[in-house]
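The values are calculated or read from the model by the stated rules, or taken from the named source; none is laboratory data. Values in this document were obtained by computation on a predicted structure and should not be read as measured data. We place every Cβ from the backbone using ideal geometry, glycine too, and count neighbours over all the protein chains shown.
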Amino acid sequence: MAATEKSSNGRDLKRDARLVVFTLAVVVLIWFVIGNSQKVRVHFWVTSAETSLIVVILVSAALGALIALLLGRRKSKS
């Protein structure tokens, strides 16, 4: 087989697996966000702010995805 595994109909199995994992992660994230809607106080180094826990979860998820994307690109270039 070639460098990427292909199923009998020509689809990329790695891509399909990534899509399934990504979809499950998004569903779990949405479920988690809906269940945690209360206000929280977030403390930074110098200041603090009160915001919805939904915002904290979404910002954390976005930063985590960005870091994973950047590390994945760095690893694949090597």
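General remarks:
- So residue 66, is it aliphatic (A, V, I, L, M) and either closer than 17 Å to residue 18 by Cα or outside any helix (DSSP H, G or I) (or both): yes
- Matching entry among 30, 34 (being loosely packed, with under 10 Cβ neighbours inside 10 Å, free of Cβ contacts under 8 Å to residues at least 40 places away in the same chain and under 21 Å from the mean Cα position of the chain (by Cα)): 34
- Residue 51 being assigned to a strand (DSSP E or B), modelled with pLDDT of 85 or more and of a type outside the set (D, E, K, R): yes
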